[in-house]
Amino acid sequence: MNSELTKISINNPFDDAPVYYIRNTVSTMILAKELLKAERSFSAAVSGSVIAAGFQTGGRGRIPGRRWDAAAGKNLTFTLVIGKDIPGVKEFPLSLSAGLGLALYLEGEHHLAPKIKWPNDILIDRKKLSGILVESAGVYYLLGIGLNVNQVRFNGELAGRATSLKLETGREYDPLYELSLLLGWIRRALETKKKRNGIEERLYSSGSEVSFLPGDPEREEPFKGIIRGIGDGGFLLLEKSDGTLFTAASGEIVY
């Protein structure tokens, strides 16, 4: 196991699995994969394990080439290892279930009004607060989450397009305490039988016309469509200009 990883004592509703912290790393997702590969024999990374970092130098987004940029020590970046056999995990895309958990956390703990931008972002007043990345690793899913907590300045393409808990509430927070709260809400979201309804109630631009880029953003052209909800399997439903319904399994809403 990485010698710089420290096991910390915070409440983990995922069966009290271990929570690890590292001050600096390339990516918590990479660390999670290394932990699963190297330490499986003595259960260092069981289902529910968390690897959190104070700073990531190589955090990335869902689309290749995009990075998750966050100021050192200001935010929450972590990967949650989730067994595919945990109830509620396979019945709906994990990125959307986690998005619901994030939305419930922001509503319940901070009295904010988040929107779930399909398939993996959380917005407040059209500004990005959190991003989600999911990868498969054998019998596990790796759920990576970045949450802007105390950062107040964003550069480059995020300037004017990102926000944080501090910007929204005027308060400063302990990221690791927020982690313990957030894990509880993610667990609740996984267990609820009303995932689809919960997501649709908070769906960004529901009922409005958007520009949608299907599939590979390097190869496809965007089209206009009205968001009509979430279909079976977590697909995004868009009504095209000719009245037909487009079912999106991948892609992104351009905003």
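Values in this text are rule-based calculations from the coordinates and carry no lab data. Please read these numbers as outputs of a predicted model, since none were measured by experiment. Here the Cβ positions follow ideal geometry from the backbone for every residue, glycine too, while neighbour counts run over all protein chains shown.
Quick one: Phe223, Phe212, fewest Cβ neighbours within 10 Å first, how do they rank?
So the residues, fewest neighbours to most, are Phe223, Phe212.
What does DSSP give for region 6-201 in terms of the percent of beta bridges that are antiparallel, rounded to the nearest 5?
80 percent
Calculate the radius of gyration of the Cα atoms of the chain to one decimal place, then report Dmax, the largest Cα-Cα distance, as a whole number, both in Å.
17.8, 59
Rounded to the nearest 500, what is the chain's calculated 222 nm mean residue ellipticity when only DSSP H runs of at least 4 contribute -39500 (n - 2.57) each, over all residues?
That comes out to -7000 deg cm²/dmol.
Report the residue, chosen from Ile132, Ile30, Ile82, that carries the largest GNM mean-square fluctuation when the chain is represented by alpha-carbon nodes joined by springs under 10 Å.
Fluctuation is largest for Ile30.
Dipole magnitude of the chain about its Cα centre, charges +1 at Lys/Arg Cβ and -1 at Asp/Glu Cβ only, in debye to the nearest 20?
Computed charge dipole of the chain: roughly 180 debye.
Quick one: among Val46, Val81, Val139, which has the greatest mean-square fluctuation in a GNM of the chain with alpha-carbon springs under 10 angstrom?
Of the options given, Val139 has the highest mean-square fluctuation.
Per 10 Å bin, what percent of the C-alpha pairs of region 172-221 does each bin hold, from zero upward?
Using 10 Å bins, I get a P(r) of 19, 25, 31, 24, 1 for region 172-221.
Starting with the highest mean, order 119-130, 183-194, 96-107 by the number of other Cβ atoms within 10 Å, averaged over the residues of each peptide.
96-107, 119-130, 183-194
Placing +1 on the Cβ of each Lys and Arg and -1 on the Cβ of each Asp and Glu in region 128-182, which of Tyr140, Asn150, Pro175 has its Cα farthest towards the positive end of the resulting dipole?
Asn150
Let me spell out the model: positive unit charges on the Cβ of Lys and Arg, negative unit charges on the Cβ of Asp and Glu, origin at the Cα centre of region 122-203. What dipole size does that give, in debye rounded to 20?
280 debye
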